[in-house]
Amino acid sequence: MPNVSMKDLLEAGVHFGHQTRRWNPKMKQYIYGERNDIYIIDLHQTRKKIDEAYDFVKSVAYNDGLLLFVGTKRQAQESIAEASERCGMYHVNQRWLGGMLTNFSTMRERVSRLNELQRMEEDFLLQVLPKKESSRLREEKDRLERVLGGIREMRRTPDAIFIADLKKEQIAVAEARKLNIPIVGIVDTNCDPDEVDYPIPGNDDAIRALRLMSNLMADAMIEGRQQKETELQALEEQRLVEKAAEEERRAAEAAAAEAAAEEAAAAAVEDESSASENTNGLVPADPQAITEIPSLK
């Protein structure tokens with residue numbers, strides 16, 4: 001379960017929505033009230049939705065899935081990168097390039113170009129080029145690193161995507177929906193919760209709120225993997241116990257069979273010895289049974 005309390009949500013400012021004049025009527029069910037023309041989000045609803053999103057992300061990790069963190073707004077960039085790296089996943093926190101999901105093969109080509117430029121720099125090949133050409137290639141490498149560095153090792157499209165700001169990341173939302181990739185997203189009072197599969201009502205502008213939500217998703221990924229590793233370890237231990245029991249059973253059966261064979265062999269030798277004595281042995285005559293034979297005169 002997610003390690004977050006109502007106090008944590010309050011301290012992070014998750015309950016603060018947008019101004020009342022900027023809202024989406026579909027968010028009405030998640031709004032507790034308003035104060036000073038600011039909507040207040042119902043944190044009980046937020047807590048419930050966090051649980052649902054957490055369980056889903058944990059299942060993604062349990063099934064060896066990939067989660068892509070997306071947050072290109074300034075307030076989210078650092079927390080998105082830190083959370084994704086902590087759980088060994090991927091992120092986009094600078095700029096979403098159109099086709100990052102729907103044209104993934106082209107994205108991989110750009111990543112290959114980034115890797116090529118990286119190797120050239122490591123092998124000091126850029127230093128031997130003319131200064132203008134070397135500078136151009138370094139700028140290209142830095143630009144690709146900023147945009148694609150977070151998905152550099154992502155070999156396939158993700159199994160789920162976490163979005164910090166639905167309004168800001170509309171292209172990412174559209175691409176994920178087109179590919180039927182489940183979306184977990186923070187929905188502020190001006191967002192449409194129907195755009196995501198697992199909406200989390202909350203403040204999508206406060207740095208602390210964004211960090212809290214990002215870390216919760218990272219925790220879910222870590223917990224899901226740990227749960228699977230624990231279960232696999234338990235299964236392996238059970239397999240070893242069963243294997244040892246089977247080997248012990250087979251050894252006992254082999255020992256019993258060997259003992260039975262030795263007993264049968266001993267019995268056979270004894271029977272053969274008895275039979276030999278009965279066939280070849282001489283039976284002594286009974287002296288009393290011998291009568292005197294009369295002589296013939």
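Coordinate-derived values only; no laboratory data. The shown structure was predicted, so the numbers you read here are calculated from the model rather than taken from an experiment. With ideal geometry, Cβ positions are generated from the backbone for all residues, glycine too; neighbour counts draw on all protein chains shown.
Would you mind checking the pairs LYS58/LYS228; LYS26/LYS49; LYS26/LYS48; LYS7/LYS48; LYS26/LYS178 and listing those with alpha carbons more than 20 angstrom apart? Result: LYS26/LYS178 exceed 20 Å. Charges were assigned to the Cβ only: +1 to each Lys and Arg, -1 to each Asp and Glu. The resulting dipole of segment 58-115 about its Cα centre is roughly 200 debye. Projecting label points 7 angstrom from Cα along Cα→Cβ for ARG155 and ASN180 puts them 2.4 nm apart.
Among TRP96, TRP23, the ranking by other beta carbons within 10 Å of each residue's beta carbon, starting with the fewest, stands as TRP23, TRP96. Annotation: peptides 251-257, 2-8, 142-148, 187-193, ranked by per-residue average of other Cβ atoms within 10 Å with the highest first, follow the order 187-193, 142-148, 2-8, 251-257. Counting only alpha carbon atoms, the long axis of helix 207-280 and the longest principal axis of the chain meet at about 10°. In the chain, the calculated helix contribution to ellipticity at 222 nm averages -19000 deg cm²/dmol per residue, counting -39,500 (n - 2.57) for every DSSP H run with n ≥ 4. For the chain, the relative contact order works out to 25 percent when only alpha carbon pairs closer than 8 Å and six or more residues apart are counted.
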